[in-house]
1. Please go through segment 14-47 and pick out each residue that is in a strand (DSSP E or B) and closer than 28 Å to Met1 by Cβ.
2. Where the second residue is surrounded by 14 or more Cβ atoms within 10 Å (Cβ to Cβ) and assigned to a helix (DSSP H, G or I) and the first is in the same structural domain as Tyr257 (by TED's automatic domain parsing) and lies in segment 233-247, which pairs have Cβ atoms under 7 Å and are six or more apart or on separate chains?
3. Run down Val202, Val250, Val246 and say which single residue is surrounded by 19 or more Cβ atoms within 10 Å (Cβ to Cβ) and either out of contact with any helix residue (DSSP H, G or I) (no Cβ under 6 Å at 6 or more places or on another chain) or on the phi > 0 side of the Ramachandran plot (or both).
4. Can you find, within segment 205-223, the residue that is surrounded by the most Cβ atoms within 10 Å (Cβ to Cβ) among those that are assigned to a loop (DSSP other than H, G, I, E, B) and of a type in the set (Val, Ile, Thr)?
5. Quick one: in segment 193-219, of everything that is closer than 18 Å to Pro38 by Cα, aliphatic (A, V, I, L, M) and under 9 Å from the mean Cα position of the chain (by Cα), which residue is modelled with the lowest pLDDT?
6. Could you please find all residues in segment 59-114 being surrounded by 15 or more Cβ atoms within 10 Å (Cβ to Cβ), part of a helix (DSSP H, G or I) and either polar (S, T, N, Q) or not assigned by TED's automatic domain parsing to the domain that holds Gly148 (or both)?
7. (1) surrounded by 21 or more Cβ atoms within 10 Å (Cβ to Cβ); (2) assigned to a loop (DSSP other than H, G, I, E, B); (3) in contact (Cβ under 8 Å) with a residue 60 or more places away in the chain: which one isn't true of Pro56, the others all being true?
Amino acid sequence: MPAAFAAADVTKRYGRTTALAGVSLHVDEGELVGLLGPNGAGKSTLVKIGCGLVRPTSGSAEVGGAPAGSPAARRRLGYLAELFRFPGWMTADELLAMHQGLAGSAGGASERGRLLELVGLADVAGRRIESMSKGMQQRLGIAQALIGDPRMLVLDEPTSALDPAGRRIVRALLEELRAGGTAVLLNSHLLSEVELVCDRVVILNRGRVVAQGTPDELTASRGVEIETATGVRLLPAEREDIPGVVADMVAAGERVYAVRAARSTLEEVYLEAVEGEMG
């Protein structure tokens, strides 16, 4: 089975500016991949190539085995841009109906109702968009991206305008989509959100992939933090060493209040990868 999205050695140049320099990545069916990188790293260019809005200078991109931008690829792809804007005079239901027409979906009222229920907006189907909060509009945007049951979903900063409760709703939604086999490429600056929900993370900088892997693969052990009566100490030990370390400290007369394995965060990994490239 072909990958939900695959980029192979993709290069994109705008005159003398190289936006992408040989990027290769894939998103498998039912996989949630986080795309990270500073402004100007090439993330938006890669997303536009995947959506068929921009053609690569060299290399190739496919959606479900079909060339990016082809009718078959467009049918398999759902997209929510970061700076989306919907007609304020439309209701939520009218907006989805319009996008059903644009996507050629025959799902009708049942599809619209199911998607509004999925994003927690079933009770505001008849409300005008201009009266909705930014967070509600963002969730409505995810609903329109899901019209036609695409197997590949590209979301650009989908939780940037949401409060913690709204972000939790979106996380639960993404997990439900993944369980149903939908692949998701998530472009976000909220590294804590990416670390919570993504199966893999790809970090771009200066048009190149500078790090990739699962969150556990990218983050590393920093030792063991032990809180005692004299303060918190960081010891260069592994998780399996904790019982022996604590036993030795107690035998030496120290009072131990808390013990935890310390790991580097995704934010630290991200900064090290990006700053290392810039240095």
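1. Of segment 14-47, the ones in a strand (DSSP E or B) are 14, 17-27, 32-36.
Result: Leu20, Gly22, Val23, Ser24, Leu25, His26, Val27, Leu32, Val33, Gly34, Leu35, Leu36.
2. Every condition considered, the pairs that remain are Leu235/Val245; Ala237/Val245.
3. Working: Val250 fails: surrounded by 19 or more Cβ atoms within 10 Å (Cβ to Cβ); Val246 fails: surrounded by 19 or more Cβ atoms within 10 Å (Cβ to Cβ).
Testing whether each residue is surrounded by 19 or more Cβ atoms within 10 Å (Cβ to Cβ) and either out of contact with any helix residue (DSSP H, G or I) (no Cβ under 6 Å at 6 or more places or on another chain) or on the phi > 0 side of the Ramachandran plot (or both) leaves just Val202.
4. Thr219
5. Step by step, filter segment 193-219, then rank; the result is Val194.
6. Gln100, the sole residue that qualifies.
7. The failed condition is (3).
The values are calculated or read from the model by the stated rules, or taken from the named source; none is laboratory data. On a predicted model such as this, the values are computed, not experimentally measured, just so you know. No Cβ is skipped: glycine too gets one built from the backbone with ideal geometry, and neighbour counts run over all protein chains shown.
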